Structure formats: structure tokens, C-alpha cells
Amino acid sequence: MGEIGDAFRELSLRCLLDCDRKSEAVSELFVSCWLGGKIYNFWLNYFEDIKMKNCERIGNFALAGLTLAPLVLKVDPNLNVILTACLTVYVGCYRSVKPTPPSETMSNEHAMRFPFVGSAMLLSLFLLFKFLSKDLVNAVLTCYFFVLGIAALSATLLPSIKRFLPMHWNDNAIVWRFPYVRALEIEFTRSQIVAAIPGTFFCAWYASQKHWLANNTLGLAFCIQGIEMLSLGSFKTGVILLAGLFVYDIFWVFFTPVMVSVAKSFDAPIKLLFPTADSARPFSMLGLGDIVIPGIFVALALRFDVSRGKESQYFKSAFLGYSVGLVLTIVVMNWFQAAQPALLYIVPCVIGFLAAHCMMNGEVKQLLEFDESKTAGSSSEKVGDAKSSPEEVSKKVE
């Protein structure tokens, strides 16, 4: 639909080049076409923005309701895992769509290194729990996640909270400098201070009680922020990352006891907990990585659709692939009554569904050539053109 506005502007430039520029009629036609394209694109972007925000808000309400539901009624843990993970990915994907492309994206080299860095961290945690006091390690990790949780939860709540606060609370920044280290300073707004209040409450609740709801609240905030802030840049980088972590997940779950041991010992919001009716096994667990890693790939598909000004067709196929992969994980886990590497099922489904849809549409080349780092440059040029007057645009064409 956005191509119509571009066609208006292209028509105006052609009229300017092909006709007598001194003609008053031609000048009026040029201005009319140029303004027509601008107005059309403005309203199109306006309504698209409203649609995106409504989708995000619906997802937020559904996710909040599902998170609180086990407090008042019995929810099947398997269904809870699937719906919570899918809604988290859905919300994170829509929050990742920004007016301008990300300034930094992941490179192919970073994607290749990621499984090795993750393996080193996992093995380090395993050794820490083996040779040091479990309580000591968890106490240090609790302090770390207390600070990290306040930042993540306040950033997650900020867009919803600042709509109800005075405008100048969002704009006027406060700079706080550390008294003995001049180089260190923190910049924040009054809205961020307000958003940090519930974040501090949940972090204090988690640190003191380790309640599953506080754990899940922080875990969901980490997931949403991860999907929102991390950018793969291109689908090639995404495939490299998912393929590497596909092997990583299989190796550490099936061939060593390391991942399962760390997951059970690590008392921190790195996993979501879902209450069950089994007293011997009171909670089902889902690692945050099984949400964030596929989630950033699905989010890239949504931004690809948005960049072309078309309906969310590839996002739908990637999101469906994630949902199917997660369902397969739950089915196999219950069948064998053993922990399963979720990425073993999610990665092939996400990539497979997206690839099949892309091949059906004959747009494999466009998908593989998409690069958000290049889009950032072209986007800045478009912003400059949008601010230019008709006379300046005509000079650029000449």
C-alpha cells in the first residue's frame, strides 16, 4: 500500500522533467502529486501504527491475564507453557518494530561465536555449583538479577506508564553523576523513575520470597526486552545463529547432564515456572533462551514485512512455526517423560515454515538480501527527502 504514495511522488517528478517548468499548470500538478503522495503515506503509516499498537496491547493484556490465572484457577501446565511462550514472542515482536531501524545488528561472526560463548558460560556455572556453596552462588546471582530485573521490568512497563504521565516527565532528562567517579553518570527521566517503582517491588519480592509469580514477571520482562532490543540484521545471520544453538542445545541436553543440572541448581529468573498438581514435581520449566532465541528470528520476519509496507505474511508463518515447534516439544517431553532440548523442534519448524512460505511466493532472493543495517542508511535518506521541499526534490532529480 505504501507503494501508491511513492508512485504519486514519482509521477510528480516525471511531470517536472518532461514538461515546461515555467508552466503554472505543470507546477500546480507537481505540487498536488507531491503533496498527495506525502498525505497518503502519512495516513497509511498512521493507521498502520495504530494497528501495531493495538496488537501489542491485546498481547499485553492476554499475557498478564495468563500469568495471573494460576493464582485463582487450575491451568494445565502444558497449555500454560505453550500460550505463555507464544504470547511473549508475539508481544516482543511487535515491540521490536521501531520508527527507525536498529543502529547495531548482529554479524555473522557474532552468530558463529554465540554457541561457544554460551557453552563456556554454561560450563562455568556448572563448575561453580559443583565446587562452591550453592547458597553462596545463588546469593551473588540474586544480587545481580535484582539490579538487572529493575532495569528490564521498568523498561518493559515504561511505554504503558508514560501515557498517563505529564508530557514533560517523558522529555526532561535528569543527569545523576557518581560523587567520586566523575566519568560515570546516569541519565533518566521522571517517567523512568515511576516505572522503576513496580520493578523494584517485584525484584524485592523475588529476592525475599522466590515466589514463582515474581520469578515469571522478571523472566517475561527479560524475554520481551531481549526480543525487542536484539537485532539479527539479516536472515542469513539468523539461520547461522539458530543452527549453531540447535547443535548446542542437543549436545548439552542429550550428551551431558550439565544443562539440566544448572537449570535445577540455578535459582534465578532464567526460566519460567508453571505450577502443576504433582507434589513431587511442583513446577514445569521453560528456559528463557527457548523464547528469546527463536523470538528474535520471528521478530525479524515481522520487521521484514513492515519494511515492505505489506501485510504480516512472513511473520505469521514464522510465528506459526514457533508455535508448532513448541507443541512438538511438549508432546515429546510428555511421551518420554524426560527433559527435551526445545530448540531441537523449534528451530526446524521456524526456519522450515518461513522457507516454505517464501518459496511458495517466489521471494527467496528478497528474503535473503534483506539487511537491516543497509535499511538504516536508506531510511535516513528517506527521512531527509521527506523533510525537503518540492523545489529541493526537483533539484536532486536534476
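Taking square-rooted eigenvalues a ≥ b ≥ c of the alpha carbon gyration tensor, is region 198-260 rounded, prolate or oblate, where a/c under 1.5 means rounded and, failing that, a/b exceeding b/c means prolate?
Working: a/c = 5.20, a/b = 1.50, b/c = 3.46.
Judged from the Cα gyration tensor, region 198-260 comes out oblate (a/c at least 1.5, b/c at or above a/b).
What distance in nm separates the simple spin-label points at residue 278 and residue 334, each placed 7 Å from Cα in the Cβ direction?
Label at residue 278, label at residue 334, 1.1 nm between them.
List the pairs from 74/271; 53/74; 98/316; 236/374; 210/264; 53/365 whose alpha-carbon separation is above 25 Å, in the order I gave them. Before the final figure, lay out the partial values.
Details: 74/271 21 Å; 53/74 31 Å; 98/316 19 Å; 236/374 14 Å; 210/264 14 Å; 53/365 30 Å.
Those over the limit are 53/74; 53/365.
Just report the Cα centroid separation between region 60-74 and region 330-375, whole Å.
28
Please compute the net charge surrounding residue 145, taking Lys and Arg as +1 and Asp and Glu as -1 over other residues with Cβ under 14 Å from its Cβ.
Values: positive: 210, 271; negative: 267.
Every neighbour counted, the sum reads +1.
Compare the peptides 266-274, 206-214, 341-349 by average per-residue count of other Cβ atoms within 10 angstrom and give them in order, highest first. Before the final figure, lay out the partial values.
Values: 266-274: 20.4, 206-214: 15.9, 341-349: 23.1.
Ranked from most to least packed, the peptides come out as 341-349, 266-274, 206-214.
At 7 Å along Cα-to-Cβ for each site, give me the label-to-label distance between residue 307 and residue 361 in nm.
Distance between label points: 1.3 nm.
Using label points projected 7 Å from each Cα along Cα→Cβ, tell me how many nm separate residue 163 and residue 62, to one decimal.
1.7
Would you mind calculating the gained length between residue 120 and residue 211 on full extension (0.36 nm times residue separation, minus the Cα-Cα distance), in nm to one decimal? Intermediate results must be reported in sequence, preceding the final value.
Numbers: separation 91, 0.36 × 91 = 32.76 nm, distance 2.94 nm.
Once the chain is fully extended between residue 120 and residue 211, it gains 29.8 nm.
Just so you know, all these numbers are worked out from the coordinates, no wet-lab data involved. As the structure is a prediction and not an experimental result, all values here were calculated from the model. Please note: Cβ atoms are built from the backbone with ideal geometry, for glycine as well, and neighbour counts cover all protein chains shown.
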